Amino acid sequence: MALRVLRESMESGSPEESLQQAMAGGGIEFGYGHNLYPDGDERAADLLQAIAPSGNIMAIIHRCEEITGHKANIDAALAVLAMSYQLPRDSMFMIFAISRMSGWLAHAIEQQETGQLIRPRAQFLPPSTKTA
């Protein structure tokens with residue numbers, strides 16, 4: 001979704017219409033905002049800085065941030081990467097999956113070495129014990 005919005009915005013010169021269409025299907029703002037990073041997704045900020053995309057692309061990213069009220073997240077940054085380097089459409093998903101797997105492996109190694117859980121703030125509640 002983030003890549004489609006970015007491409008359509010580049011073609012039209014304005015993200016308003018394509019972003020409104022993307023959000024109309026349920027209000028999910030793919031590419032902007034993240035529950036774990038309320039002050040902004042550092043992964044996205046670092047990737048955008050490393051890519052140093054054209055001014056037009058960054059202007060669209062900033063305008064989308066204004067419209068949604070959220071900073072770009074890793075989905076938007078990966079869309080910028082894919083578009084900037086003319087990568088295949090599904091490349092952003094592969095890059096994300098490889099990165100996620102690397103992180104999981106790093107957590108597993110650290111847990112094995114320290115004997116402690118990583119990010120234990122999450123708690124599984126079986127369906128019968130969840131509260132409304």
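The values are calculated or read from the model by the stated rules, or taken from the named source; none is laboratory data. No experiment lies behind these values; they were computed from the predicted model shown. No Cβ is skipped: glycine too gets one built from the backbone with ideal geometry, and neighbour counts run over all protein chains shown. What goes into the accessible areas is simple: the full protein's heavy atoms, side chains included, and nothing from ligands, DNA or RNA. Shrake-Rupley method; radii C 1.70, N 1.55, O 1.52, S 1.80 Å.
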Subject >> Answer residue from the range 26-40, given it is touching an Asp or Glu at 6+ places or on another chain (Cβ under 6 Å) and of a type outside the set (F, W, Y) and is least open to solvent (accessible area, probe 1.4 Å) among those >> reply: G31
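Look at the range 103-118 and say how many of its residues are surrounded by 10 or more Cβ atoms within 10 Å (Cβ to Cβ) and assigned to a helix (DSSP H, G or I).
9
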**OP:** For F93, state whether it is assigned to a loop (DSSP other than H, G, I, E, B) and either at pLDDT below 90 or open to solvent by 40 Å² or more (accessible area, probe 1.4 Å) (or both).
**Re:** no
Original post:
Looking at the range 41-77, which of the residues that are open to solvent by 20 Å² or more (accessible area, probe 1.4 Å) and of a type in the set (G, A, S) is farthest from A24 (Cα to Cα)?
Top reply: A50
Subject >> Total residues in the range 75-113, condition among the hydrophobic types (A, V, I, L, M, F, W, C) and touching a Gly at 6+ places or on another chain (Cβ under 7 Å) >> reply: 2
